[in-house]
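Visitor: Okay, here's the structure, questions in a sec.
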Number of protein chains: 2
Amino acid sequence: MTRVTTVKRWDRQTDVVVVGSGLAGLAAAIEARIAGSDVLVLEKMKGYGGNSAISDGVMAAAGTALQRRAGIVDSADRMAEDMRRAGLGLNQADLVHTVAQRSVEAFRWTIDFLGMTYQKRVDQFGGHSVPRCYTPLRRSGSQYIRPMLDKAAQLGAAIRTRTCLETIVRDTDGRVCGVAVRQGRSTSDAGPGERVWIRARRAVVLATGGFANDIAFRTAQDPRLSAAVGSTNKTCTTAEALREAMRIGAMPVHLSWIQLGPWACPDEKMYGVGPDFASYVAFPYGILVNPDTGRRIVNELADRKTRADAILAVGHPCISMTDQNGVVHSGHEIGHCLRRGVVQSFESLEALAAYYDMPRDAFLDTVRAFNQGAAKREDGLFGKPILAGAGPLETPPFYAMRTFPKVHHTMGGVLIDTRARVLDLQRAPIEGLYAAGEVAGGIHGACRLGSCAITDCLVFGRIAGQNAGRTVLPR
Amino acid sequence: MTRVTTVKRWDRQTDVVVVGSGLAGLAAAIEARIAGSDVLVLEKMKGYGGNSAISDGVMAAAGTALQRRAGIVDSADRMAEDMRRAGLGLNQADLVHTVAQRSVEAFRWTIDFLGMTYQKRVDQFGGHSVPRCYTPLRRSGSQYIRPMLDKAAQLGAAIRTRTCLETIVRDTDGRVCGVAVRQGRSTSDAGPGERVWIRARRAVVLATGGFANDIAFRTAQDPRLSAAVGSTNKTCTTAEALREAMRIGAMPVHLSWIQLGPWACPDEKMYGVGPDFASYVAFPYGILVNPDTGRRIVNELADRKTRADAILAVGHPCISMTDQNGVVHSGHEIGHCLRRGVVQSFESLEALAAYYDMPRDAFLDTVRAFNQGAAKREDGLFGKPILAGAGPLETPPFYAMRTFPKVHHTMGGVLIDTRARVLDLQRAPIEGLYAAGEVAGGIHGACRLGSCAITDCLVFGRIAGQNAGRTVLPR
C-alpha cells in the first residue's frame, strides 16, 4: 500500500506555513522570519490572536530579576518540578525542562523585543511552590498579540485570515510539503470556501490551539463533557487540525486529560465574571451546595479537578454562596458580577433557598453546621481549611451564583520533541512538521498550572519557528 | 490528496480475518463462523491464547443464578455503575452498559456452549459493590482458551500462528478489505518473514490485546513507565496493531490510562507469586517502607493507582513486610513465595533492615509507631484501616519482599461503538473494521475493575464476530 499526494498545482508557495495566529503561531512566525524564511500565517477566524487573545495573559518564569528583588528563591528545576507534580508525572521530562529553562529568556523577550510592560507584583498561582507569575499591565493575552502582530508585519511575515486548514500534504517520502486550505471559511462559517494549495518549501508549523469546543472530539475522550458543559474558550477551539495531524500519523498523547474550571457560571458565555465571585469569594469564604439536597458536595478549596468532578457527578449546576462578611473579608469587589446578573443577592437565607428551589430546612442545616465548624476553624465534612473571616454565614445580604464547570484547557495533543518536531507513532519526527502551544501534547501531563500556558506557547512557538525557518530545503 | 491501495495480488482470501487468538479473538472467530462466514484467525506468537491465557480467568457477571442462590442482589445497572465509578466517568456509557447487560449471557455461554465449570463461590473484587466474580475450576484464563480453540476448529475456523499483522489494507472507498502480514514472524522473532496479502471479503476484527510491553508507546503516554518497570503480561503485548489502526484513522481514547499492579515483585518475571504475598498478607497485615528512609510511604490498602504512584515517586523498589502473626491472620500460605526466593524471612527486624540496607533506627521507629497505632486500631500517618490481627509486628520470623509496580492493563485503545465497529476521528465507523478486547478503548475509562476484562473480551468479541460475520459483501 502506498500513498500518493496528487497536487496538480500549487496555488501559492512560501518557506514556512504557520497555522494559527495565537501566541505560539505568532512567536513561530517571527522567529522563522528572523531565521530568513518566507512566512505565511494562516488564521481561520476573521480576527487575529485565536484563544490566546482572551487569556488573562499571566506568564510564569523562574529565576527573574523581579523575583530576586522580592527575595524569592526560584529555579528552572523548581518550576519543572512543580509542573511535573501537577502533571502527575505524565509530562515528558525534557519538554517540561525546556519550558522551565527557557522561561526567563521568553519573559525577557516579551519585554526587550516586544516592548511589553508587566505589573510590579509577582503572584503565586495554585500549584506553584513560589511566586513566579507575572501579569501584563493590562491583564489580557491581547497585550502579547498586538506587539507580536506588529513585529511579524515589520519583519515581512504574511498573514491571511478566514483561511482554514483542510489537509496536510506530504510528498511521496512522507515529508510534509504543504497544506490545502479553504479560503473564506472559518469554523463559524457555513460556506465551503475556495480550496487553495499552498506549498511549504521548508516546513509547516501547527499552532492551532486546543479542542475545548469540539464536542464530538472531547466527548470521545471524556463523555461527561457533552454540549451541556460550556467552555471558557472562544468557539474557534476545535480539533480539525489535530485530527489532520493524527490522520497523517502524529502520536497523540493525554487526549483524555481535559482541564475544567470549577468556578464558572453557566448563565454567561466563556470565562465571564463568575470566576471572580466563585474562586475568590464564595469558595474561600462560603460554601457550594447541591440545590436538590441543600447539602455541600466537596471541599470548596480542593484542587480544580476534584471540585469539577464533584459538580459533574451532581449533573447540574450547584449554588456557590457567601454572605456580606465573606465579601468584605475576601477583599474583592463583586459589583460587576451583580450588575451582569451572574451573582444574585438575597436578604435572607430563606429567600436564597426559595429562589433556587432548594429544600429550605436542609440548606439551613448545612449553613448551621458550616458555621459551627467555622467557629472552631474546622470543617468536619470535607476537611476544608477554614480561613480567617470565613463564616459564620449570617450577615445579609447573602450572595449566590449558579456554578457549573467549563472546559478550560486541553492538555493533550500531538507529541513533540524539544525541537518542537511532531513525532509519529514510532516517535520518529515527521519531517517538515512542527507544533507548539495547546495543540502540542506531553508538556503539562495531567494538569496544566495556571500561567504556564503562556510560557509554553512562547517557548515552543519560538523553538518551532527557529527550527522551521532553518529547515534545510529538501532536494 | 488521495490514497491508493496497490495490492497486486491477494495471496489468500477469506470472509473474516480475526487478528489475535486470545479470548476476544476466539469469541469473534466462533461467532463469525456461526454467522456463516469463512474465518481466518492470525496469531503472531507460536502458541495460542495471547495474554488471555495467563490471566487468572476470573469473570464478572451481574444477576446470575449463583448470586441469587447466595442471596446477592445485583443488576446490570449496578455493575455498570461500579465500572463507571472506577472509570472516573471517562467510560462511554453505552459500551459499559453493553458489557454489563450481556455479562450473564456471556457467562452462561461459557458454561452451556464451552462446557466450562466454575468454583462454587462468588467473590467480590476491589471496586465491585457486591460479589459478582466467578473463578474457573482451575484459576486460569487458559480454561477458556482450550474449549474455544476446540469449538473454533470444530466450526471450521482456520488459525495460523507466527503470523504478524503489518498493514490494514483499505480499498479506494476507505473500506477495510484485507491485511498484509508477515508469516514466520512474531514479536520476538528477528527475521523479516514472508509478506502475505490476505483479502477479507467481509471484515477484519482486531483482537490484538493491550500494549503493556511496548516501552516506546507506553512511555509516550506515561514517561514514568520506562523499561525499568516490569509488566505482568506476556511479552507479546505490543502496540503494532493499535498503531496500524491509528494510522488508518481510528480514534484513540484513554491511551495514558495505564493500570499498574502495586503488588508486584521485580525479582521475578510477569505476574509471578509476589502479589500473593504483598496483596493478601503484607499490605493488609504489615507495612510498605522506602528502604532509603525506613519510613512508610502510603496507605497500604489505598486503591491500586495511589499505591503504585507512591512507589513510582520513590523511584525504586520498596519493601513490603509483615511478621509471622500477620501471615497467620491473613489465612494465606506463603511457602511458594519463599521457595521461589521472592519473599525472604528474617529472625529479627534488625536483620531485615540490614539485608535491605535500610537505616535501622528509622525502620524500628516506623514499626514501633505502626504497632502503637495498631493497638488503638488507628493509623495516624495515612489513615489505613487497621484489620483485626494487623500488628503488633513483633513475632518472628519477619517476612519481606522487594515491591515495585508492574504494568498490568492498558485501558486505552481504539474507540468502538456498541456493534464493536471501530470509529474514526469523526466518530464514524470505519467500514469493515471491528475491534474487541484490550485493543478497544472507552469501556473501562480510567480504571478497569478486576474480573471485568474477561467479560469485556467475551461480550465484545462475540458482538464483533456476529457483526463481522454478517457484514454485507461490498459490491
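The values are calculated or read from the model by the stated rules, or taken from the named source; none is laboratory data. Please read these numbers as outputs of a predicted model, since none were measured by experiment. Cβ sites come from the backbone with ideal geometry, for glycine too, and all protein chains shown count toward neighbours.
Visitor: Of everything in segment A:420-447, what is within 22 Å of the chain's Cα centre (by Cα), surrounded by 24 or more Cβ atoms within 10 Å (Cβ to Cβ) and of a type in the set (A, V, I, L, M)? Give them in sequence order.
Guide: A:A420, A:V422, A:A435, A:A436, A:V439, A:A440, A:I443
Visitor: Can you list the helices (runs of 4 or more DSSP H) lying wholly within segment A:1-92 that have 3 or more residues being within 14 Å of chain B (Cβ to nearest Cβ)?
Guide: A:76-86
Visitor: Which residues, taken from segment A:304-324, are away from chain B (no Cβ under 14 Å) and surrounded by fewer than 19 Cβ atoms within 10 Å (Cβ to Cβ)? I'd like the intermediate steps shown before the answer.
Guide: Narrowing segment A:304-324 to residues away from chain B (no Cβ under 14 Å): A:304, A:307, A:316-324.
Selection gives A:H316, A:Q324.
Visitor: What are the residues in segment B:353-372 that are of a type outside the set (G, A, S) and either in contact with a Phe, Trp or Tyr (Cβ under 8 Å, 6 or more places away or on another chain) or outside any helix (DSSP H, G or I) (or both), if any?
Guide: Result: B:Y355, B:Y356, B:D357, B:M358, B:P359.
Visitor: Got a number for residues in segment B:248-261 being more than 9 Å from chain A (Cβ to nearest Cβ) and in contact with an Asp or Glu (Cβ under 7 Å, 6 or more places away or on another chain)?
Guide: Looking only at that region, the number is 2.
Visitor: Taking segment A:345-376 as the search range and keeping residues that are closer than 17 Å to A:Y285 by Cβ and in contact with a helix residue (DSSP H, G or I) (Cβ under 7 Å, 6 or more places away or on another chain), which one is surrounded by the fewest Cβ atoms within 10 Å (Cβ to Cβ)?
Guide: Here the residue is A:S345.
Visitor: For segment B:147-169, give me the residue count where each residue is more than 14 Å from chain A (Cβ to nearest Cβ) and either in a helix (DSSP H, G or I) or of a type in the set (S, T, N, Q) (or both).
Guide: 11
Visitor: Return yes or no: is B:A264 buried (at least 24 other Cβ atoms within 10 Å of the Cβ) and facing another protein chain (nearest Cβ under 10 Å)?
Guide: Numbers: buried (at least 24 other Cβ atoms within 10 Å of the Cβ): yes; facing another protein chain (nearest Cβ under 10 Å): no.
Spelling it out, it is not the case that B:A264 is buried (at least 24 other Cβ atoms within 10 Å of the Cβ) and facing another protein chain (nearest Cβ under 10 Å).
Visitor: Turning to a different aspect of this structure: Return the only residue of A:A220, A:A203, A:A245, A:A180 being assigned to a strand (DSSP E or B), within 14 Å of chain B (Cβ to nearest Cβ) and of a type in the set (G, A, S).
Guide: A:A180
Visitor: Does segment A:206-217 hold any residues that are buried (at least 24 other Cβ atoms within 10 Å of the Cβ) and either within 14 Å of chain B (Cβ to nearest Cβ) or within 30 Å of A:S37 (Cβ to Cβ) (or both), and which are they?
Guide: Passing the criteria: A:L206, A:A207, A:T208, A:G209, A:G210, A:F211.
Visitor: If B:S129 satisfies all but one of (1) surrounded by fewer than 17 Cβ atoms within 10 Å (Cβ to Cβ); (2) over 16 Å from B:L449 (Cα atoms), what's the number of the condition it fails?
Guide: Failing condition for B:S129: (2).
Visitor: Spot the failing condition for B:P192; the list is (1) in contact (Cβ under 8 Å) with a residue 40 or more places away in the chain; (2) assigned to a loop (DSSP other than H, G, I, E, B), and only one is missed.
Guide: Only one criterion in (1) in contact (Cβ under 8 Å) with a residue 40 or more places away in the chain; (2) assigned to a loop (DSSP other than H, G, I, E, B) is unmet by B:P192, namely (1).
Visitor: A follow-up question, please. Based on this model, can you work out whether A:T238 counts as buried (at least 20 other Cβ atoms within 10 Å of the Cβ), closer than 21 Å to A:V414 by Cβ, under 14 Å from the mean Cα position of the chain (by Cα) and more than 14 Å from chain B (Cβ to nearest Cβ)?
Guide: Working: buried (at least 20 other Cβ atoms within 10 Å of the Cβ): yes; closer than 21 Å to A:V414 by Cβ: yes; under 14 Å from the mean Cα position of the chain (by Cα): yes; more than 14 Å from chain B (Cβ to nearest Cβ): no.
No; evaluated as a whole, the condition is false for this residue.
Visitor: Which condition number does B:H332 fail, the rest of (1) modelled with pLDDT under 95; (2) touching a helix residue (DSSP H, G or I) at 6+ places or on another chain (Cβ under 8 Å); (3) buried (at least 19 other Cβ atoms within 10 Å of the Cβ); (4) of a type outside the set (V, I, T) being met?
Guide: Status for B:H332: all satisfied but (3).
Visitor: Does A:H329 count as out of contact with any strand residue (DSSP E or B) (no Cβ under 8 Å at 6 or more places or on another chain), in a loop (DSSP other than H, G, I, E, B) and in contact (Cβ under 8 Å) with a residue 40 or more places away in the chain?
Guide: Spelling it out, it is not the case that A:H329 is out of contact with any strand residue (DSSP E or B) (no Cβ under 8 Å at 6 or more places or on another chain), in a loop (DSSP other than H, G, I, E, B) and in contact (Cβ under 8 Å) with a residue 40 or more places away in the chain.
Visitor: I've got another one for you. Does segment A:384-419 hold any residues that are within 19 Å of the chain's Cα centre (by Cα) and away from chain B (no Cβ under 14 Å), and which are they? Give the steps one after another, and end with the answer.
Guide: Applying the first criterion (within 19 Å of the chain's Cα centre (by Cα)) to segment A:384-419 yields A:404-416.
A:F404, A:K406, A:V407, A:H408, A:H409, listed by residue number.
Visitor: Another question about this same structure. Suppose we filter segment A:366-401 for residues that are in contact with a His (Cβ under 9 Å, 6 or more places away or on another chain) and of a type outside the set (G, A, S); how many remain?
Guide: Total meeting the criteria: 1.
Visitor: Looking for whichever is away from chain B (no Cβ under 14 Å), in contact (Cβ under 8 Å) with a residue 40 or more places away in the chain, aliphatic (A, V, I, L, M) and within 29 Å of A:E378 (Cβ to Cβ) here; the options are A:I287, A:I297. Which one fits?
Guide: A:I287
Visitor: Answer yes if at least one residue in segment A:192-209 is in contact with a Ser or Thr (Cβ under 7 Å, 6 or more places away or on another chain) and closer than 25 Å to B:A428 by Cβ, and no otherwise.
Guide: yes
Visitor: Which of the residues belonging to segment A:390-432 are closer than 17 Å to A:E244 by Cα and of a type in the set (G, A, S)?
Guide: Passing the criteria: A:G412, A:G413, A:G432.
Visitor: Can I ask one more? Does B:I416 meet the test of being among the β-branched types (V, I, T) and in contact with a strand residue (DSSP E or B) (Cβ under 7 Å, 6 or more places away or on another chain)?
Guide: On the way: among the β-branched types (V, I, T): yes; in contact with a strand residue (DSSP E or B) (Cβ under 7 Å, 6 or more places away or on another chain): yes.
Yes; evaluated as a whole, the condition is true for this residue.
Visitor: While we're looking at this one, here's another question. Residues to consider are A:V298, A:V289, A:V281, A:V253; find the one that is among the aliphatic types (A, V, I, L, M), over 23 Å from A:G389 (Cβ atoms) and crowded, with 21+ Cβ neighbours inside 10 Å.
Guide: A:V253
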